[in-house]
Each structure stands twice: as C-alpha cells, then as structure tokens.
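Remarks on the structure that follows.
The values are calculated or read from the model by the stated rules, or taken from the named source; none is laboratory data. Note that the coordinates shown come from a computational prediction; the quantities given were computed from them, not determined experimentally. Reconstructed Cβ throughout: ideal geometry from the backbone, glycine too, with neighbour counts over all protein chains shown.
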Amino acid sequence: MSLTEEILSQLPGDVLAGLRRADYILKSIRENTAPIPAVVTENQQPLVSLDWDVIICGGTLGILIGCALAVRGLRVALLERGILRGREQEWNISRQELEVFVELNLLTEEELAEAIATEYNPARVKFQGGAEVWVENVLNIGVDPVYLLATLKSKFLAAGGELLENTPFNTAVVHPDGVIVNNQYKAKLLLDAMGHLSPMTQQARQGKQPDALCLVVGSCAQGFPVNNSGDLILSFTSLQNQCQYFWEAFPARDGRTTYLFTYMDAHPQRFNLEALFEEYLRLLPEYQGVELQQLKFQRALFGFFPSYRQSPLPTPWPRILPVGDSSGSQSPLSFGGFGAMVRHLKRLTIGICEAIQTEQLSTPALSQLQPYQPSLSVTWLFQKAMSVGVNQTIPAEQINQLLSAVFQEMEKLGTPVLKPFLQDIVQFSALTQTLARTAINHPGLVAKIMPQVGLINLLDWLLHYGNLGIYSALSALSPILEPAVKNLPATQQYYWHRLVDAWQFGSGGDYVRR
C-alpha cells in the first residue's frame, strides 16, 4: 500500500476514489480523448415569454454573482446540481478584496467579520538557496465558505432569486430573444459558472488541449509545531520529475493547511495527481519539520487547473456569458476559483446589468464583458519560466535562482511592487522596474532563461508587454473623458464602460481602486 493509499483511507468518504476520478479526467484531457460536448444549440424561433432576466448554472461560486444581480433588482434563477453549500476548507484571500461584498450590499460589515474564519501574518516567499522575503496582509484571510454561502443564499432568496437545487445543467438552446435551459427554464441571459470543466466551455473550446496545467495537492492536518505565519510560495528542492515543486502553507481553523503545486504542459507523459500526492507526503516532513505519524489529517485537497492562452474565453454564442473559471479569467499562475471571481465581481455585476438594460446581448456585445487583458497575457512568460518542457534540459537550480533574484529585486522596490504581484496583479511600472533591475543585477540568469522560454514565446510576450503599457496610459486618461460620455445614448455608454473596464483590469489598475 502506498503512502497516499494509507493516509487517504483514514479520511471519511472515499477520498482515494475521488482522487482517481480526477486523474481519469486529467488523463482524458492530456490524451485529448474526451468527447466534445454538444450542449448548446441555436434556434431561430422566438421564445416570446421569459421567466427571468438571468439564469446562472453552477451555484458554488455562481451564488456570488447571482446574489449581486438579484440585490440590484434583476430576476435571477440559479441552477445547482446538488445542494448549495460551502465546503469546510477555507478560501484564502486578502482583506481589501473582501470589501466588494459590502460595496455591493451582499454582506454587512458584521457579516463580513463573521465570514472570516482565520487571519495570519506574516507570510514568506523563499526559493532554495535564496533569502527569505516577508510580507503582511497578502492572502492572509481565511473565509469560511459554509457561512459565506449560507448567508448569500439567504440574501439571494430574500431579494427574489429562485434557487433550483438538485438541478444539473443539461442543455441550452439560444433563441433570438432568450435562452431556454433544460427545455424548461427561460431567460434573457445565461451565465456559465460551472468552472473549467463546464460542458459549455468545453464545447466553445472545441477540444483544444490546455496550453498549461497547474497540479495541486495538499491537506489540512493537526499536529504541526505552533506556527502563526504562512508561506505564499516556497521551494526547497531543485527540479524533480521535470517539475519545479512549490509549496504553500497557512494556519487554518482546525489545523494547518499545506499545498504542493507545480506547473507543466499537458503532455501525456506527465505524472498524475496521485503521483504528486505521493511526492507531497514524501517531502512534507522535511518541509514542516514533523513526522507524518505525528499528524492527524482532517481532509485531503487536490485538483488540476488548465490554462489557455486564449483567455478570457470569447463567448461564441449570443446570450451566453462564461464567468469565473469557465471564462479562464484567472492567470496561468493562479488557482482561480474564489479569488478570481471576487476580483471581477463588481465589474461583471455592473456590466451585466447594463447589458440587460440596453439589450446588448449579442456575441460581440457580450465579448466586451470578457475582454483581452494584457495584464493576464504577460503572465504566460512567467509560467513558462517556472516550468520546464517534458524533454527539455536546464540546470536543476535555474528556476530557483531566477525566482529568488526576481523577488529580491521586488523586495528592494518595496510594497507597491511586491504586493500586487503576489495577488496575481501585474502592472506596467512595477513590471518594468523589476525586469530592469533583474537584467542589470543578474544578467547571467536572464541570458539562461531565454533559451528555456523560447524566442517565439518571448516575442509574443513583448507584444503583450507593450499593450500593458498602452492600457496603463489609456486607463489613466479615461477619467478625463468620462463627463462627455454621460451625454451619449445608453447603448454607446455600455461600450464605453466596457472599454474603461478593459483598460483598468488589463493594466492592473483595479488594484489601486480596491
């Protein structure tokens, strides 16, 4: 019996079977053997009568946008394949990002405080052979999903929303005046919040293999030495199995959570989640200074996160909009999920309301709600620099040395440079300063990394980097033009507001405003 089988068999529920189901799906993605769903069709006959303004498929994170829209007066129905409830494992986020729940009248200050299960400081960034970098108030809040979702569920129902639990999504038919879901539920607009394995997303991508994968395994356990600090990203090993291993750790309400994650391509020869879990259990004692026998495991955590260069995903149909992980609006460096949804929650809430009010529900109009973002696209080179090809040969310490040098330079530049990047927000000025200092102070490392990432990827990155600068300038100029926009017709205002949003989020300018 392997270590993974031994540990997971001690946990309630058939966790090992769940891990192997995830690996089965991962294998089908890598080998491109999964059938392409055909769940969305179009029909030119009008529906005439509609039940709701918006239908949302996928309740766990869909309730966030669903509640925000219902509170603003839209008629919203939410389909959830099971019972809508949160899991026990906290969602980590930074405190300033949570203020959007109060801004949108989803939670009171008291309810927001109640939703925070844990808080810790400081957090560490470290790579083997390099110095420690310490930061405070970054991803240091653990939100209780059980309380948060129960509270939002109650607010959603009180605002007139309709919750359809035990109602899995099956089909959607797009008509000229609306969408009908499961041949029963009719609305002006359908939001896909079912995540990166959504059948609508899979159909839209037409079997395209992911450009990259992030594999994550971990656990929450008791028995660790007392430690009120956390690790945002840490490595203490060189390349292993053609991967660079990264770790994350933080205090949780009922123990300590530790993760092992790594970036890779989607090559079929890559190892699976069960193999990574075995690596996690092998290395965890060295990482946390504790023997496995001393730990009491509360739960196991695992998943994989595919990333596509064509992100966010342009909607190929009118009246359907992917949101959250379905849209690919997270960078290839992040796990997406809760943090990505919260970051775009206010932008999407306002934009969707405007789209419905002005009847801008065509494919081109809705694509403005998930626009190209240079701040997202530039991170592809970083992901490439933190991974190695399946048959590529580089020095075993190269990735550690590069990351250690980059974070040392960011630390010298100060909090305004370091903190946004650790929250997955890239800004032109901060990036330019960091790259310049790294190139000047560590020219040998920069020269080594170029063959690793490849000339084509570097040229592609330069295009997005230039656009990041352009978007930053446009975002700075947009407030000057806003007074003139107020005199435009509502339809034109919709497109202008989407441009401003694209410039702001595409330049990382939303960080300043939060």
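Of the listed requirements (1) crowded, with 16+ Cβ neighbours inside 10 Å; (2) of a type outside the set (Phe, Trp, Tyr); (3) assigned to a helix (DSSP H, G or I), VAL388 misses just one: (3). Screening LEU488, LEU445 for residues that are of a type in the set (A, V, I, L, M, F, W, C), out of contact with any Pro (no Cβ under 9 Å at 6 or more places or on another chain) and in a helix (DSSP H, G or I) leaves exactly one candidate, LEU445. Mind listing just one residue for me: the one in segment 234-279 that is touching a Cys at 6+ places or on another chain (Cβ under 6 Å) and more than 25 Å from LEU26 (Cα to Cα) and, of those, surrounded by the fewest Cβ atoms within 10 Å (Cβ to Cβ)? The residue in question is GLY255. Any idea which residue in segment 56-97 is nearest to THR358 (Cα to Cα), counting only those that are in contact with a Leu (Cβ under 9 Å, 6 or more places away or on another chain), of a type in the set (Gly, Ala, Ser) and part of a loop (DSSP other than H, G, I, E, B)? This residue is GLY58. Filtering VAL426, VAL453, VAL406, VAL390 for residues that are of a type in the set (Val, Ile, Thr) and more than 25 Å from SER238 (Cβ to Cβ) leaves a single hit, VAL426.
If you go through segment 446-487 and keep only what is of a type in the set (Gly, Ala, Ser) and surrounded by 10 or more Cβ atoms within 10 Å (Cβ to Cβ), you end up with ALA447, GLY454, GLY466, GLY469, SER472, ALA473, SER475, ALA476, SER478. Just checking: which of the strands (runs of 3 or more DSSP E) contained wholly in segment 184-252 hold 3 or more residues that are outside the structural domain of ALA266 (by TED's automatic domain parsing) and touching a strand residue (DSSP E or B) at 6+ places or on another chain (Cβ under 6 Å)? The qualifying strands (runs of 3 or more DSSP E) are 185-192.
With the condition kept exactly as written, say whether any residue in segment 399-412 is over 15 Å from GLN244 (Cβ atoms) and under 21 Å from the mean Cα position of the chain (by Cα). No, segment 399-412 contains no residue that is over 15 Å from GLN244 (Cβ atoms) and under 21 Å from the mean Cα position of the chain (by Cα).
Exactly one residue among PHE302, PHE277, PHE297, PHE271 is of a type outside the set (Lys, Arg), touching an Asp or Glu at 6+ places or on another chain (Cβ under 9 Å), in the same structural domain as ILE233 (by TED's automatic domain parsing) and within 18 Å of GLY255 (Cβ to Cβ), and that residue is PHE302.
Return the residues of segment 58-84 that are charged (D, E, K, R) and either buried (at least 22 other Cβ atoms within 10 Å of the Cβ) or touching a Lys or Arg at 6+ places or on another chain (Cβ under 8 Å) (or both); say none if nothing qualifies. Full working, then the answer.
Step one: list which residues in segment 58-84 are charged (D, E, K, R), which gives 72, 75, 80-81.
Once the filter is applied, which keeps residues that are charged (D, E, K, R) and either buried (at least 22 other Cβ atoms within 10 Å of the Cβ) or touching a Lys or Arg at 6+ places or on another chain (Cβ under 8 Å) (or both), segment 58-84 yields only GLU80.
Contact map, segment 434-460: residues that are in the same structural domain as MET264 (by TED's automatic domain parsing) paired with residues that are among the basic types (Lys, Arg) and surrounded by fewer than 17 Cβ atoms within 10 Å (Cβ to Cβ), Cβ distance under 9 Å, separation 6+ or inter-chain. No pairs are found.
Sort out which residues of segment 391-415 are assigned to a helix (DSSP H, G or I) and more than 16 Å from ILE449 (Cα to Cα), and write them in order of number. So that I can check it myself, show each step before the final result.
We begin by selecting, within segment 391-415, every residue assigned to a helix (DSSP H, G or I); these are 398-413, 415.
Result: GLN408, GLU409, MET410, GLU411, LYS412, LEU413, THR415.
ILE55 meets the conditions (1) β-branched (Val, Ile, Thr); (2) surrounded by 20 or more Cβ atoms within 10 Å (Cβ to Cβ); (3) over 30 Å from TRP317 (Cβ atoms) in every case but one. The failed one is (3).
Show the residue pairs that are 6+ apart or on different chains and have beta-carbon atoms under 8 Å apart, the first residue being within segment 290-306 and farther than 22 Å from ASP23 by Cβ and without any contact (Cβ under 8 Å) to a residue 12 or more places away in the chain, the second being assigned to a helix (DSSP H, G or I) and of a type outside the set (Ser, Thr, Tyr). The qualifying pairs are GLU291/PRO285.
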